[in-house]
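Quick notes on the structure that follows.
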Amino acid sequence: MEKNDFANWPTWLPLRAALKSSTPYGAPQLPNVIHLNTNENPNPLPESVRDSIMDAVAGVAANLNRYPDRDALSLRAALAGYINAKSETFFEAENIWAANGSNEILQTLFLAFGGTGRTAIGFTPSYSVHPMIANITGTSWIVGSRDSEFAIDADGAAAGIREVKPSLVFLTTPNNPSGTATSIVDIETIARAAGDVRALLVVDEAYAEFSDEESAVSLIKRHPHVVVSRTMSKAFAFAGVRLGYLVANPAVINAMLVTRLPYHLSALTQAAAQVAIANADLLQAGLDEIKVERERVSAALKLAGYKPMPSAANFILFTGFKPESKELWQAILDRGVLIRDVGLPGYLRVTIGTPAENDEFLAAIHSLES
Ligand SMILES: *Cc1c(COP(=O)(O)O)cnc(C)c1O
């Protein structure tokens, strides 16, 4: 079998049938190009934060012969404090779960609440990892729809949920790849339907800090089946550390404790993440500039004849071009800028980078005009 051959599995390999047509998640990681394809925060960590991380890591290094705090209690308390400060809520460590990226959070949710004979529903186009983990865990995946502007019709979605009766409902807001935000009123309409059929509503808020909409964490008290997934990969400029977290009723967290792997979150990760939370304001100081740049890039795309979708996140989905997505993606890559073909015909997604990176992207766009 060839390296990277995911089509011709050998007959001696007892791979589960559901995985035989699967391929690995694979956003390209290419050298010597500007990366505007994975929605990272383009700003490197301030030196003072880097120094504090080094100190914190040095502090735990002497004890690396021991397993880490299995329940990451002080980290979870710090995350609760961060959410409470942002959303005027009163969560404690028992309302928070933390893992290696929100992707691991999502996997742990599927392990606890999905699986064979169970169904999950999502509103597409949305985050491709939700159906990917559904497939890996043997959970049936039902596709709910968005309209031509990528908004969710909340009443229609609620009717669909009542009909399908899933165990898990996924709602990404702001949505990836479209940037569309769902209002708190619409989220609550969907939450009520999920509650009526005893489903969990998982609100994936990976881009919450870029949006002006109210966070769904405010619904958890009234609707204990609402769980909110967040990450430090985007707004916190901390993608390399891998830290995602969940805000939920303690019963949901207890289910996470049952399905997590023992000692899943390393002492190094826990130490680094606590420094990041303590320095949230410094790490997020660049968010306003990213939002301003988002509107600048959007306006420039419009002027160049494209149609950018309104975005409440740190990326823009755009359409209105003639060649196929793949051709335009390649032409922009040939000019040194890597953006994302999200598999949506006629659309491409560009992450907002530094002003200089955005200028390079726009220069590539302009060089294509004839
Ligand atoms: C980037 C992203 C995540 C994954 O974040 P990690 O914490 O890096 O695993 C989750 N959900 C959505 C919608 C994302 O775009």
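The values are calculated or read from the model by the stated rules, or taken from the named source; none is laboratory data. No experiment lies behind these values; they were computed from the predicted model shown. Quick reminder, even Gly has a Cβ in these numbers, built from the backbone with ideal geometry, and neighbours come from all protein chains shown. Surface areas here come from the heavy atoms of the whole protein model, side chains and all, with no ligands, DNA or RNA. Shrake-Rupley method; radii C 1.70, N 1.55, O 1.52, S 1.80 Å.
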Quiz item: So which residues in segment 129-151 are farther than 15 Å from residue 200 by Cα, part of a helix (DSSP H, G or I) and of a type in the set (A, V, I, L, M, F, W, C), if there are any at all?
Solution: 129, 132, 133, 136
Exercise. Go through segment 269-296 and give me each residue that's in contact with an Asp or Glu (Cβ under 8 Å, 6 or more places away or on another chain) and not in a helix (DSSP H, G or I).
Key: 284
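Return yes or no: is residue 134 touching a Phe, Trp or Tyr at 6+ places or on another chain (Cβ under 9 Å), open to solvent by less than 10 Å² (accessible area, probe 1.4 Å) and not aromatic (Phe, Trp, Tyr)?
So residue 134 fits the description; yes.
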Self-check item: Every pair of residues 6+ apart whose Cβ atoms lie under 6 Å, when the first sits in segment 62-73 and is assigned by TED's automatic domain parsing to the domain that holds residue 254 while the second is open to solvent by less than 100 Å² (accessible area, probe 1.4 Å) and in a loop (DSSP other than H, G, I, E, B)
Solution: 67/263; 68/263; 68/266; 70/263; 72/265
Self-check item: Only listed residue being closer than 20 Å to residue 209 by Cα and assigned by TED's automatic domain parsing to the domain that holds residue 229, chosen from 81, 59
Solution: 81
Quiz item: Do we have any residue at all in segment 207-215 that's surrounded by 16 or more Cβ atoms within 10 Å (Cβ to Cβ), near the ligand (Cβ under 10 Å from one of its atoms) and of a type in the set (D, E, K, R)?
Solution: no
Quiz item: How many residues are closer than 22 Å to residue 218 by Cβ, in contact (Cβ under 8 Å) with a residue 40 or more places away in the chain and within 16 Å of the ligand (Cβ to nearest atom) if we restrict to segment 148-175?
Solution: 8
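Taking residue 246, is it under 18 Å from residue 206 (Cα atoms) and buried (at least 20 other Cβ atoms within 10 Å of the Cβ)?
Judged against the criteria, residue 246 is a match.
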Quiz item: residue 218 passes all but one of (1) of a type outside the set (A, V, I, L, M, F, W, C); (2) under 22 Å from residue 279 (Cβ atoms); (3) in contact (Cβ under 8 Å) with a residue 12 or more places away in the chain; (4) surrounded by fewer than 19 Cβ atoms within 10 Å (Cβ to Cβ); which number fails?
Solution: (2)
Quiz item: Does residue 22 meet the test of being assigned to a loop (DSSP other than H, G, I, E, B) and of a type in the set (S, T, N, Q)?
Solution: yes
Quiz prompt | strands (runs of 3 or more DSSP E) completely within segment 167-254 that count 3 or more residues being among the aliphatic types (A, V, I, L, M) and either within 12 Å of the chain's Cα centre (by Cα) or in the same structural domain as residue 145 (by TED's automatic domain parsing) (or both) | solution = 168-172, 200-204, 226-231
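Considering each of 126, 102 in turn, give the residue that is crowded, with 20+ Cβ neighbours inside 10 Å, within 15 Å of the ligand (Cβ to nearest atom) and assigned to a loop (DSSP other than H, G, I, E, B).
After applying the criteria, what remains is 126.
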